[in-house]
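Below is one structure, written out as structure tokens, with a few remarks after it.
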Amino acid sequence: VGINLDSATRFFWRVIAKNPCGETISSATFTFMTRSLPGDCPVGTISSVIYGTDFESDNSAWTSSGSQNTWAAVGSRTHSGVKAFLAQDLASVSDQRLVSPAIVLPVGQAPLTLQFWNHQTVDDQSGSACFDGAILEVSSNAGASWTQVPDARLLIGNYKGPISNTQANPLAGASAWCGDPQDWTRYVVDLDNQAGQTVSFRFRLGTDSSVGRAPDGFYIDDLKVQGCAVQSDSIFADGFDPVAAH
């Protein structure tokens with residue numbers, strides 16, 4: 001097969017033999033199921049997008065702050081469409097913060113995940129550490145306090161390593177993402193431990209007093225919070241029965 005197959009999907013196949021004399025009838029039909037990947041809904045459930053944005057239109061529900069903040073919806077590099085959010089990797093000390101709107105996470109729709117696409121041109125260093133770097137935080141009390149999402153909750157897209165403490169980066173010591181460069185990559189974050197809560201997410205880019213990569217930096221695009229709802233046994237999702245109606 002010359003294409004990448006979707007995960008957690010049932011495929012059907014059959015064979016027809018051809019030669020200069022013609023072709024045979026189709027063989028029996030066979031089937032196989034591709035394996036599930038993190039972020040997929042299990043068999044018997046369907047994906048339910050609780051919140052989603054591609055940053056193409058009104059982004060007023062997202063707020064940004066911090067020292068030397070550059071977070072903005074830009075068109076210089078995108079995963080899809082014409083806009084993505086970018087924090088520039090400055091050659092000076094900064095702590096740049098982008099906060100999502102509040103999102104109500106339902107109960108009974110596990111697995112709950114945050115999924116987004118990320119591109120990085122962020123100053124790293126040799127080995128596994130970062131000079132500059134980004135982290136993801138979550139708040140369940142309307143932003144009164146924030147907790148960094150740990151590596152154990154990153155199903156796809158683990159942090160690369162700790163931020164160096166040699167150049168006054170405000171996030172020094174924290175495990176962070178940095179890639180110089182890293183092409184668009186899908187990230188999946190486990191949210192099951194926060195089902196039933198109202199949460200906000202905060203992306204933070206910390207830079208030090210040395211080398212930067214502006215106007216590039218840390219981009220995010222095509223973000224969604226997804227649950228998995230039990231699939232109804234009914235053929236007609238709206239409950240309409242054409243036989244009874246007739």
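The values are calculated or read from the model by the stated rules, or taken from the named source; none is laboratory data. Predicted, not measured: the structure shown is a model, and the values here were computed from it. Neighbour counts run over all protein chains shown; Cβ positions are idealised from the backbone, glycine included. SASA here: full protein model, heavy atoms, side chains in, ligands and nucleic acids out. Shrake-Rupley method; radii C 1.70, N 1.55, O 1.52, S 1.80 Å.
Take the conditions over 21 Å from L98 (Cβ atoms), modelled with pLDDT under 95 and open to solvent by less than 70 Å² (accessible area, probe 1.4 Å) and apply them to G161. Does it pass? Here the answer is yes, as G161 does meet what is asked.
Residue pairs whose Cβ atoms lie under 8 Å apart, sitting 6 or more positions apart in sequence or on different chains, and linking a residue in the stretch 1-18 that is without any contact (Cβ under 8 Å) to a residue 12 or more places away in the chain and over 26 Å from I46 (Cα atoms) to a partner that is open to solvent by 100 Å² or more (accessible area, probe 1.4 Å) and assigned to a loop (DSSP other than H, G, I, E, B), are I16/I25. Has the stretch 121-135 got at least one residue that is under 24 Å from P38 (Cα atoms) and within 16 Å of the chain's Cα centre (by Cα)? The answer is yes, given that some residue of the stretch 121-135 is under 24 Å from P38 (Cα atoms) and within 16 Å of the chain's Cα centre (by Cα). All of T147, T121 fail the test of being in contact (Cβ under 8 Å) with a residue 40 or more places away in the chain, of a type in the set (V, I, T) and in contact with an Asp or Glu (Cβ under 9 Å, 6 or more places away or on another chain), apart from T121. With respect to being in contact with a Pro (Cβ under 9 Å, 6 or more places away or on another chain), touching a residue at least 40 places away in the same chain (Cβ under 8 Å) and open to solvent by less than 70 Å² (accessible area, probe 1.4 Å), G66 fits the description.
Scanning the stretch 22-37 for residues that are assigned to a loop (DSSP other than H, G, I, E, B) and small (G, A, S) turns up S26, S27, A28, S36. Of the residues A73, A28, the single one that is of a type in the set (A, V, I, L, M) and surrounded by 14 or more Cβ atoms within 10 Å (Cβ to Cβ) is A73.
Of all residue pairs spaced 6 or more apart or on separate chains, those with beta-carbon atoms under 8 Å, a first member in the stretch 37-50 that is at negative phi and open to solvent by 50 Å² or more (accessible area, probe 1.4 Å) and a second member that is small (G, A, S) and assigned to a loop (DSSP other than H, G, I, E, B) are L37/S7; L37/A8; P42/A8; P42/S36; V43/A8.
For every residue, the table says whether it meets (1) in contact with a helix residue (DSSP H, G or I) (Cβ under 9 Å, 6 or more places away or on another chain); (2) more than 16 Å from I50 (Cα to Cα); (3) free of Cβ contacts under 8 Å to residues at least 40 places away in the same chain.
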site: G179; (1), (2), (3): no, yes, no
site: V188; (1), (2), (3): no, no, no
site: L191; (1), (2), (3): yes, no, no
site: Q197; (1), (2), (3): no, no, no
site: S200; (1), (2), (3): no, no, no
site: F203; (1), (2), (3): no, yes, no
site: V211; (1), (2), (3): no, yes, no
site: D216; (1), (2), (3): no, yes, no
site: L223; (1), (2), (3): no, no, no
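Say whether the condition of being of a type in the set (D, E, K, R) and touching a strand residue (DSSP E or B) at 6+ places or on another chain (Cβ under 8 Å) is met by at least one residue in the stretch 214-221. Please lay out each step first, then the result.
Just the residues of the stretch 214-221 that are of a type in the set (D, E, K, R), to begin with: 216, 221.
Retained after the next criterion (residues that are touching a strand residue (DSSP E or B) at 6+ places or on another chain (Cβ under 8 Å)): 216, 221.
Within the stretch 214-221, one or more residues are of a type in the set (D, E, K, R) and touching a strand residue (DSSP E or B) at 6+ places or on another chain (Cβ under 8 Å).
Just checking, does the stretch 149-160 include any residue being hydroxyl-bearing (S, T, Y) and under 16 Å from the mean Cα position of the chain (by Cα)? Checking the stretch 149-160: at least one residue is hydroxyl-bearing (S, T, Y) and under 16 Å from the mean Cα position of the chain (by Cα). For the stretch 124-137, a residue qualifies if it is of a type outside the set (G, A, S) and surrounded by fewer than 22 Cβ atoms within 10 Å (Cβ to Cβ), and the qualifying residues are Q125, I135, E137.
The residues listed here are S209, S200; of these, the one that is outside any strand (DSSP E or B) and either open to solvent by 10 Å² or more (accessible area, probe 1.4 Å) or at pLDDT 95 or above (or both) is S209. Of the strands (runs of 3 or more DSSP E) lying entirely inside the stretch 38-114, those containing at least 3 residues that are at pLDDT below 95 span 45-53.
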